[in-house]
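Any read-out appearing in this document is the output of simple, stated calculations on the displayed coordinates, not a laboratory observation. Values in this document were obtained by computation on a predicted structure and should not be read as measured data. Note that each Cβ is placed from the backbone with ideal geometry, even for glycine, and that neighbours are counted across all protein chains shown.
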Amino acid sequence: MDKVIKKKALRRLQIVKGQIKGLEKMIDDEKYCIDVITQSSAIKQALSGVEDLLLENHLATHVAMQMKSGESKKATAEMVKVYKLSKRI
């Protein structure tokens, strides 16, 4: 994994951890539902950002290496798999 992307992903996951703890506290404290939903939405966006970094890493490393080594069918299958995963969201 690219070191810069790894560092960014781990940092974002630390932020998500804090957001989840905050969400748990909000629920425990019976905060206003819309505020809880807003926090939950922010967590989803943060996780989506982590997924984007992982996808960037995968394409830049694994898929690029497959293309360079003549495994274009495998690389294409990987890209299709990622595309299908993104359509589920």
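Brief remarks follow.
- Among the residues listed as Lys25, Lys8, Lys68, Lys21, the single one being basic (Lys, Arg) and either touching a residue at least 24 places away in the same chain (Cβ under 8 Å) or surrounded by 14 or more Cβ atoms within 10 Å (Cβ to Cβ) (or both): Lys8
- Flag if Gln14 is loosely packed, with under 12 Cβ neighbours inside 10 Å and either touching a strand residue (DSSP E or B) at 6+ places or on another chain (Cβ under 8 Å) or of a type in the set (S, T, N, Q) (or both): yes
- Given (1) within 24 Å of His58 (Cα to Cα); (2) surrounded by 10 or more Cβ atoms within 10 Å (Cβ to Cβ), index of the condition Lys3 fails: (2)
- The residues in the range 11-62 that are among the aromatic types (Phe, Trp, Tyr) and closer than 30 Å to Glu78 by Cβ can be counted, and the count is 0.
Residue-by-condition table, conditions (1) within 19 Å of the chain's Cα centre (by Cα); (2) within 20 Å of Asp2 (Cα to Cα); (3) of a type in the set (S, T, N, Q):
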{"position": "Leu47", "(1), (2), (3)": "yes, yes, no"}
{"position": "Leu55", "(1), (2), (3)": "yes, yes, no"}
{"position": "Gln66", "(1), (2), (3)": "no, yes, yes"}
{"position": "Glu71", "(1), (2), (3)": "no, no, no"}
{"position": "Tyr83", "(1), (2), (3)": "yes, no, no"}
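- Within the range 20-78, restricting attention to residues that are among the hydroxyl-bearing types (Ser, Thr, Tyr) and assigned to a helix (DSSP H, G or I), the residue that is nearest to Lys8 (Cα to Cα) is Ser48.
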